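**Student:** Shown below is the structure under consideration.
The values are calculated or read from the model by the stated rules, or taken from the named source; none is laboratory data. On a predicted model such as this, the values are computed, not experimentally measured, just so you know. Backbone-built Cβ (ideal geometry, glycine too); neighbour counts: all protein chains shown. The accessibility values were calculated without ligands, DNA or RNA, using every heavy atom of the protein model including side chains. Shrake-Rupley method; radii C 1.70, N 1.55, O 1.52, S 1.80 Å.
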Amino acid sequence: MRHTGPAGRLGTTPPVPRRPASLFPALPALLTLCVALFTLITWQVAANGPLRSLDERVELRIAGRGPQALADRLADLGSMQVALPVLAVAVGYALRHRRGTDALYAGLTMAAVPALVVPLKALIDRQGPLTEAVGFYPSGHTATAMVAYCGAALLVSVRLMPVAVLLTGATGIGLLLRGYHWPLDVLASCCLGGALLLISSMGRRRSSSRTPTGCSGPS
């Protein structure tokens with residue numbers, strides 16, 4: 001309520017307390033779900049469980065189907081040469097809008113992909129669908145696509161998130177049709193990428209809640 005001054009005029013508006021940052025209780029629940037699914041899939045693949053058997057039967061039926069040239073291009077959407085420049089542009093956009101913290105979290109999230117995927121590939125040592133080579137679990141291309149495209153959407157505009165999800169899905173479809181990965185490789189990487197993005201989002205929100213101005217740019 002505004003009180004009148006000595007001459008009957010409206011006095012100074014009292015300071016409005018900054019709105020507390022939203023807690024978004026769904027984020028921890030989603031993170032728990034992603035981690036649980038990733039753990040379950042990893043266990044099934046490593047222990048040669050029934051999900052792995054089903055996984056291999058499905059992939060051997062779909063590998064090589066469809067237009068292979070298109071499938072190859074879709075799979076390439078998850079390559080570092082394609083995905084990283086998209087994220088770099090989004091990081092530059094965030095920096096121009098003085099959102100350095102958001103840009104930093106996006107970069108760290110992307111750096112976490114090879115830091116986690118490479119050791120997991122060596123540890124699980126899964127053979128590929130159409131090759132005797134090993135080191136195919138989880139899919140690095142899928143994780144790269146998800147973190148790069150969804151991370152870019154979070155930096156620029158959440159309205160772009162459906163496009164980011166579509167690009168990630170297209171990457172996975174291309175990998176499966178070309179026989180580059182098993183379905184569980186792709187699904188596990190989606191869970192891993194989702195967990196990394198959720199951790200990043202939670203960290204960004206905690207950082208913004210500590211910002212004195214209480215203002216944040218588009219995300």
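**Student:** Go through the range 34-51 residue by residue and tally those that are in contact with a helix residue (DSSP H, G or I) (Cβ under 8 Å, 6 or more places away or on another chain) and open to solvent by less than 60 Å² (accessible area, probe 1.4 Å).
**Tutor:** Residues that pass the stated criteria total 7.
**Student:** Now, a different point. May I ask you to say which residue of G193, G172, G135 is of a type outside the set (S, T, Y) and under 28 Å from P25 (Cα atoms)?
**Tutor:** Values: G172 fails: under 28 Å from P25 (Cα atoms); G135 fails: under 28 Å from P25 (Cα atoms).
After ruling out the rest, the residue left standing is G193.
**Student:** Kindly establish whether L77 is under 15 Å from R178 (Cα atoms) and part of a helix (DSSP H, G or I). Before you say what the answer is, go through the steps one by one.
**Tutor:** Numbers: under 15 Å from R178 (Cα atoms): yes; part of a helix (DSSP H, G or I): yes.
The answer is yes for L77.
**Student:** Of all residues in the range 142-167, which are touching a residue at least 40 places away in the same chain (Cβ under 8 Å) and not aliphatic (A, V, I, L, M)?
**Tutor:** T142, T144, Y149, C150, G151, S157
**Student:** Could you list, in sequence order, the residues of the range 151-166 that are out of contact with any Phe, Trp or Tyr (no Cβ under 8 Å at 6 or more places or on another chain) and open to solvent by less than 30 Å² (accessible area, probe 1.4 Å)?
**Tutor:** Once the filter is applied, which keeps residues that are out of contact with any Phe, Trp or Tyr (no Cβ under 8 Å at 6 or more places or on another chain) and open to solvent by less than 30 Å² (accessible area, probe 1.4 Å), the range 151-166 yields G151, A152, A153.
**Student:** Yes or no: R57 open to solvent by 50 Å² or more (accessible area, probe 1.4 Å) and modelled with pLDDT under 90? Outline the logic, then answer.
**Tutor:** Details: open to solvent by 50 Å² or more (accessible area, probe 1.4 Å): yes; modelled with pLDDT under 90: no.
For R57, the condition - open to solvent by 50 Å² or more (accessible area, probe 1.4 Å) and modelled with pLDDT under 90 - is not met.
**Student:** Look at A88 and say whether it is of a type in the set (G, A, S), in contact with a His (Cβ under 9 Å, 6 or more places away or on another chain) and surrounded by 14 or more Cβ atoms within 10 Å (Cβ to Cβ). Walk me through how you get there before you give the answer.
**Tutor:** On the way: of a type in the set (G, A, S): yes; in contact with a His (Cβ under 9 Å, 6 or more places away or on another chain): no; surrounded by 14 or more Cβ atoms within 10 Å (Cβ to Cβ): yes.
Criteria not met by A88.
**Student:** Out of all the residues in the range 116-136, which are surrounded by 13 or more Cβ atoms within 10 Å (Cβ to Cβ) and assigned to a helix (DSSP H, G or I)?
**Tutor:** The answer is L116, V117, L120, K121, I124.
So that you can scan it fast, the table gives a plain yes or no per residue for (1) touching a Lys or Arg at 6+ places or on another chain (Cβ under 9 Å); (2) among the acidic types (D, E); (3) at pLDDT 95 or above:
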position	(1), (2), (3)
V163	no, no, yes
L167	no, no, yes
L175	no, no, yes
L184	yes, no, yes
L192	no, no, yes
L197	no, no, yes
S208	no, no, no
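**Student:** Identify all residues within the range 167-182 that are over 21 Å from S201 (Cβ atoms) and either open to solvent by 50 Å² or more (accessible area, probe 1.4 Å) or not in a helix (DSSP H, G or I) (or both); write none if there are none.
**Tutor:** I173, R178, G179, Y180, H181, W182
**Student:** Check off (1) at pLDDT below 95; (2) on the phi > 0 side of the Ramachandran plot; (3) open to solvent by less than 50 Å² (accessible area, probe 1.4 Å) for R98 and give me the number that stays unchecked.
**Tutor:** (3)
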